1. Do you know which residues across the stretch 87-113 are surrounded by fewer than 22 Cβ atoms within 10 Å (Cβ to Cβ) and closer than 20 Å to Pro136 by Cβ?
2. In the stretch 110-128, is there at least one residue being within 22 Å of Arg48 (Cβ to Cβ) and in a helix (DSSP H, G or I)?
3. Can you name the condition, by its number, that Gly198 falls short on among (1) at pLDDT below 95; (2) out of contact with any strand residue (DSSP E or B) (no Cβ under 9 Å at 6 or more places or on another chain); (3) at negative phi?
4. Among the strands (runs of 3 or more DSSP E) lying completely within the stretch 8-98, list those that include at least 2 residues that are under 15 Å from Phe147 (Cβ atoms) and either touching a helix residue (DSSP H, G or I) at 6+ places or on another chain (Cβ under 7 Å) or not aromatic (Phe, Trp, Tyr) (or both).
5. Condition (residue is more than 25 Å from Pro10 (Cβ to Cβ) and in contact (Cβ under 8 Å) with a residue 60 or more places away in the chain) applied to the stretch 93-111: is it met by at least one residue?
6. Ala93 versus (1) among the small types (Gly, Ala, Ser); (2) over 13 Å from Cys36 (Cα atoms); (3) touching a Leu at 6+ places or on another chain (Cβ under 8 Å): which is the lone unmet condition?
7. On the given criteria, is Gly82 more than 20 Å from Leu12 (Cβ to Cβ), loosely packed, with under 13 Cβ neighbours inside 10 Å and in contact (Cβ under 8 Å) with a residue 24 or more places away in the chain?
8. Name the single residue that is nearest to Leu11 (Cα to Cα) among those in the stretch 170-195 being of a type outside the set (Lys, Arg) and part of a loop (DSSP other than H, G, I, E, B).
Amino acid sequence: MYRKIKPLIPLLDYLRIHNIIRSVLDSVDAHTPHACMFFSVAGAALLREFYKKDAMPVAGAAFLLVSEEPRNAMSFATLIDGQVQSSDASFHAWVLCDGYAIDFMTPIFPETCAASGHPFIAQRRMFQKRWVDMAPTYEHLNQEGDFHFVPNPELTADLLRSFFKKPAGSDLVNVCLHWYRRPPKSIVPELKMQNDLGEITRIKLKNCAVSGAW
């Protein structure tokens, strides 16, 4: 008998984490639809700080079947002679936490599709999947929501080193940590951020609705 798997964190918490990260990125005119590394680093930091979870950002190759008819998949990888490879030019990033893969970026996959020039638009959905439920290969994506991730430890280490070499990245993660409040606590709808020149940016919280979960 089919048993629905409970997500690791509630939908409301997931969406608030997504909204905080997205709002901070948009405030600095980042290329948000492709900012998977920031989503994973900031998301893992929030899970560690507010949920006391052993969460870590992971980068590598990723495949997600977003529709069965027509058959469309989001793929972040390079296939060479049928072998899956990832690099700094072809990768995705997610959070690995307590046996779950969590992707805080999937609610803006429609924007990612549009920015990448894909002929299809993925739905806005939450992604929290148990690692043990992953498809064995990218060729075994049969049902909507099936996924296959291939972590690349060396690439992850390189990307994290590059991320934390730039003070701006760490500063923005700290803004997310400062702003976030765990539901049901209320959260301020606007935050003021000041740079080294004393210039103030007002960040307004954007709210995103999803149509369900992958």
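1. Hits for the stretch 87-113 are Leu96, Gly99, Tyr100, Ala101.
2. The answer is no; no qualifying residue exists.
3. (3)
4. In the stretch 8-98, 55-67, 72-76, 92-97 are the strands (runs of 3 or more DSSP E) which contain 2 or more residues that are under 15 Å from Phe147 (Cβ atoms) and either touching a helix residue (DSSP H, G or I) at 6+ places or on another chain (Cβ under 7 Å) or not aromatic (Phe, Trp, Tyr) (or both).
5. no
6. (2)
7. So Gly82 fails the test.
8. The selected residue is Pro183.
The values are calculated or read from the model by the stated rules, or taken from the named source; none is laboratory data. All of these numbers come straight from a predicted model, not from anything done at the bench. Cβ coordinates were reconstructed from backbone atoms using ideal geometry, including for glycine residues, and neighbour counts include every protein chain displayed.
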